[in-house]
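**Student:** To start, I am sharing the structure in question, which I have written as structure tokens.
The values are calculated or read from the model by the stated rules, or taken from the named source; none is laboratory data. Keep in mind that what you see is a predicted model, and the values were worked out from it rather than measured. Ideal geometry is used to build each Cβ from the backbone, glycine not excepted, and the neighbour counts take in all protein chains shown.
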Amino acid sequence: MDLINYVIFLPIGIYLSFNILYLLVFALAGWFGGKDDEPLTKQPNKIRRIAVLIPAYKEDTVILDSVRINLQQTYPADAYDLYVIADSFHPTTLQKLALQPVKVLVVSFEQSTVQKSVTQALELVPENRYDIVLVSDADNHMAPDFLQRINLAFDSGWRAVQGHRVAKNTNTSVAVFDAMNEEVNNHLFRAGQRALGLSSTLIGSGMAFEPAAMKRGMAQVRSVGGYDKELEMALLTEGIRIAYLQDALIYDEKVQNLEVFERQRARWIAAQVHFVKLYFRTGIQQLLKGNFDAAFAVVRSLILPRTLFLAVLFLGTLVSLVVGHQPMLRAFGGMLVTLFITLLISIPGYLWQKISIRDFLTFPMLVFRMIRSLLKVKAAGKKFLHTPHGETAVKEN
């Protein structure tokens, strides 16, 4: 019986230990630099022309406000254009957009995805007109100096950069925890990875590329959701490294209710599973070639989503307490404490100040919804699950 338990639980223990060690290492590294920003006072060698692509599916509620704010850049107005990729918009919204100093690309698909919208936009945008292509979500608000900082990064020789996406709202308990999750990702997989010499990860918006490289990368994308993971892999296998601009802020609307949270997480997990299946062998091949950036992109995809990881460790600790198994208790309890410490040092102080007792009471429901999202992973892998924006959350329990 002991041999059977050993064979069963040893691989599980190794996998969970790998998870906690990976997160801890990058959490500590994130405190030692890891950003690629140039001083804003530095004079650029060149004012590059920038195309800002805004893929938007049924985003009538937020798009006009986003356009208005994103036009307030300190970057020269004649050096950038906003392209709203309008999918399934109301005619009145299109009429209002036509009055704005933006370019509107109306698209339509049998099955809409962000990847399809961006790919079609790249074909419609005039070739050789722009030096940089940037992707921004329909709800995103770029800080006034965002494009200025992007241009400075390309001045330094970067061909792909990821900006610092932060929460635009923390108006509900779900939004607060979603904002924390965003900043943990920034600390671990962007600042932490850059501090250790690895490329930053992409996050789907607030990211900018050399146009030709982006076109080549998008041509390789095959997923329904999570196209940024495949785009990142395409760039890394080509040898194009990705910078992280911590001071280049772009504000993103956080999920406001549990139902949308569950749908979004199902989409993310489906994208993660798809990525592992598609690129696991590629990761090994890239590792043997010495391309650690590409190899670590695959390794990172093997990490459990943190909310699920927290649930597994809590359950393991609880079970070991009930059965009185001391070695198991030390293992699960030790990893649980380490995970808490990892999260504690990865979340900026301003977000801890927003936490209330009500928020902590909501957290168990987030864990439950995260677990339940696993039942929707198969469907999310076949059909894009849209995350609506601009909606007031009314359901949290």
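**Student:** Enumerate the helices (runs of 4 or more DSSP H) found wholly within the range 170-261, keeping only those where 1 or more residues are farther than 18 Å from Pro305 by Cβ, at pLDDT 95 or above and touching a helix residue (DSSP H, G or I) at 6+ places or on another chain (Cβ under 6 Å).
**Tutor:** Details: elements: 173-185, 211-218, 227-237.
The helices (runs of 4 or more DSSP H) meeting that bar are 211-218, 227-237.
**Student:** Could you list, in sequence order, all residues of the range 351-370 that are within 11 Å of Val176 (Cβ to Cβ) and either of a type in the set (A, V, I, L, M, F, W, C) or part of a helix (DSSP H, G or I) (or both)?
**Tutor:** Residues of the range 351-370 within 11 Å of Val176 (Cβ to Cβ): 351-356, 358-360, 362-363, 366.
Residues satisfying the conditions are Leu351, Trp352, Ile355, Arg358, Asp359, Phe360, Thr362, Phe363, Leu366.
**Student:** May I ask you to say which residue of Lys46, Lys35 is out of contact with any Cys (no Cβ under 6 Å at 6 or more places or on another chain) and either more than 30 Å from Asp137 (Cα to Cα) or surrounded by 12 or more Cβ atoms within 10 Å (Cβ to Cβ) (or both)? Spell out how you get there, then give the answer.
**Tutor:** On the way: Lys46 fails: either more than 30 Å from Asp137 (Cα to Cα) or surrounded by 12 or more Cβ atoms within 10 Å (Cβ to Cβ) (or both).
Just one listed residue meets the conditions, Lys35.
**Student:** Could you tell me which residue of the range 106-160 is surrounded by the fewest Cβ atoms within 10 Å (Cβ to Cβ), considering only residues that are over 12 Å from Tyr57 (Cα atoms) and either basic (Lys, Arg) or touching a His at 6+ places or on another chain (Cβ under 6 Å) (or both)?
**Tutor:** Just the residues of the range 106-160 that are over 12 Å from Tyr57 (Cα atoms), to begin with: 110, 119-136, 140-160.
Pick out the ones that are also either basic (Lys, Arg) or touching a His at 6+ places or on another chain (Cβ under 6 Å) (or both) and you get 129, 149, 159.
Values: Arg129: 10, Arg149: 25, Arg159: 20.
Filtering the range 106-160 for residues that are over 12 Å from Tyr57 (Cα atoms) and either basic (Lys, Arg) or touching a His at 6+ places or on another chain (Cβ under 6 Å) (or both), the one surrounded by the fewest Cβ atoms within 10 Å (Cβ to Cβ) comes out as Arg129.
**Student:** Also, I was wondering about something else. Which residues, counting only those in the range 257-283, are without any contact (Cβ under 8 Å) to a residue 24 or more places away in the chain and either surrounded by 18 or more Cβ atoms within 10 Å (Cβ to Cβ) or touching a Leu at 6+ places or on another chain (Cβ under 9 Å) (or both)? Please lay out each step first, then the result.
**Tutor:** Going through the range 257-283, the residues without any contact (Cβ under 8 Å) to a residue 24 or more places away in the chain turn out to be 277, 280-281, 283.
Answer for the range 257-283, where residues must be without any contact (Cβ under 8 Å) to a residue 24 or more places away in the chain and either surrounded by 18 or more Cβ atoms within 10 Å (Cβ to Cβ) or touching a Leu at 6+ places or on another chain (Cβ under 9 Å) (or both): Phe280, Gly283.
Rundown of residues vs (1) on the phi < 0 side of the Ramachandran plot; (2) part of a loop (DSSP other than H, G, I, E, B); (3) within 22 Å of the chain's Cα centre (by Cα), yes/no style:
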| position | (1), (2), (3) |
| --- | --- |
| Phe9 | yes, no, no |
| Ile14 | yes, no, no |
| Lys35 | yes, yes, yes |
| Arg48 | yes, yes, no |
| Ile54 | yes, no, yes |
| Gln73 | yes, yes, no |
| Val84 | yes, no, yes |
| Phe89 | yes, yes, no |
